[in-house]
Amino acid sequence: MDRHNIIIQLEHIEFSYPNGRSVLKDLDFKLKSAQKIGLIGHNGSGKSTFLQIMVGLIKASSGTIRIFGEPVKNEKDFRKVRKEIGLVFQNADDQLFSPTVLEDVSFGLLNQGKSAEEARNISLKLFEDLDLKGFEDRVTYKLSGGEKRLVALATVLVMEPKVLLLDEPFSGLDEATRERIIQILSHLNISYIIVSHEYDSLAQTTTDICSMKNGRITFDGDSSALHSHFHKHPGGIIQHKHNR
């Protein structure tokens with residue numbers, strides 16, 4: 001692919017915690033159009049930091065960030081980036097703050113200048129698409145952990161991002177909710193990066209796997225290498241091969 005197909009490019013990124021511990025060291029990374037990347041690595045290796053740096057929630061100590069070919073340097077630049085790149089936090093409670101599900105999902109649309117009726121109609125259509133019909137009037141804080149995760153994903157997808165960043169979207173879920181999220185992601189036609197320790201889930205939702213090692217990201221290869229002989233494939237949609 002040529003440079004015009006590179007959506008996100010990070011060059012020589014450095015980041016250290018306030019205590020001086022270096023986390024990201026001369027990190028380089030590229031996300032290409034239509035690419036679906038799974039990112040693995042041990043706890044504390046900087047995976048969440050890496051995602052937040054891409055949308056400007058954490059500032060890199062040094063290095064260059066280009067989004068859609070344009071350098072982004074300050075908060076004004078990153079405000080534009082956040083309209084195109086959606087981040088789903090590891091903890092859904094960090095993403096949900098309104099009394100009802102509909103208010104949470106429509107919040108971003110209202111901030112975009114859409115009318116209350118437009119925001120409601122768009123949100124209700126998404127609820128149907130995600131099989132969340134009937135959730136609109138539910139009280140957010142009374143949702144189960146898995147339901148909160150689904151609604152947090154909906155708050156980002158309703159904005160129609162061009163890129164999706166997901167931080168541990170499968171962690172702590174019951175199997176039914178995990179399969180629902182897998183199916184949602186599998187049908188998205190956008191680029192995304194998933195940070196996860198759930199290798200089976202990554203095998204079903206990503207095309208490439210990278211690792212965070214020693215403050216850098218290395219390309220490990222095709223996601224099929226993570227396949228660990230799971231056989232419960234909803235509706236027979238996901239085809240797979242076993243290497244012998």
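The values are calculated or read from the model by the stated rules, or taken from the named source; none is laboratory data. Note that the coordinates shown come from a computational prediction; the quantities given were computed from them, not determined experimentally. Note: ideal-geometry Cβ built from the backbone for every residue, glycine included; neighbour counts use all protein chains shown.
General remarks:
- For region 72-84, the criterion of being in contact with a strand residue (DSSP E or B) (Cβ under 6 Å, 6 or more places away or on another chain) and surrounded by 14 or more Cβ atoms within 10 Å (Cβ to Cβ) is satisfied by at least one residue.
- Matching residues, region 45-66, being among the hydrophobic types (A, V, I, L, M, F, W, C) and in contact with an Asp or Glu (Cβ under 7 Å, 6 or more places away or on another chain): Leu51, Ala60
- Given (1) farther than 21 Å from Ile181 by Cβ; (2) out of contact with any Lys or Arg (no Cβ under 7 Å at 6 or more places or on another chain); (3) at pLDDT 95 or above; (4) of a type outside the set (A, V, I, L, M, F, W, C), index of the condition Asn111 fails: (3)
- The set of residues in region 21-46 that are touching a residue at least 60 places away in the same chain (Cβ under 8 Å), charged (D, E, K, R) and buried (at least 18 other Cβ atoms within 10 Å of the Cβ) contains only Lys36.
- Once region 189-208 is narrowed to residues that are farther than 19 Å from Leu31 by Cα and in contact (Cβ under 8 Å) with a residue 60 or more places away in the chain, the residue that is surrounded by the most Cβ atoms within 10 Å (Cβ to Cβ) is Tyr199.
- Members of region 137-158 found to be crowded, with 17+ Cβ neighbours inside 10 Å and more than 16 Å from Ser201 (Cβ to Cβ), listed by number: Thr140, Leu143, Glu147, Lys148, Val151, Ala152, Ala154, Thr155, Val156, Leu157, Val158
- The one condition in (1) in contact (Cβ under 8 Å) with a residue 40 or more places away in the chain; (2) assigned to a helix (DSSP H, G or I); (3) within 21 Å of Ile194 (Cβ to Cβ) that Thr49 fails to fulfil: (1)
- Beta carbons closer than 6 Å, at least 6 apart along the sequence or on distinct chains, never pair a first residue in region 128-140 that is in the same structural domain as His187 (by TED's automatic domain parsing) with a second that is assigned to a helix (DSSP H, G or I) and among the basic types (Lys, Arg).
- Count of residues meeting criterion [at negative phi and assigned to a strand (DSSP E or B)] in region 14-44: 18
- Being outside any loop (DSSP other than H, G, I, E, B), out of contact with any Ser or Thr (no Cβ under 7 Å at 6 or more places or on another chain) and within 18 Å of Gly145 (Cα to Cα) holds for only one residue in Asp93, Asp77, and it is Asp93.
- Within region 163-188, if we keep just the residues that are in contact (Cβ under 8 Å) with a residue 40 or more places away in the chain and in a loop (DSSP other than H, G, I, E, B), the residue that is surrounded by the most Cβ atoms within 10 Å (Cβ to Cβ) turns out to be Pro169.
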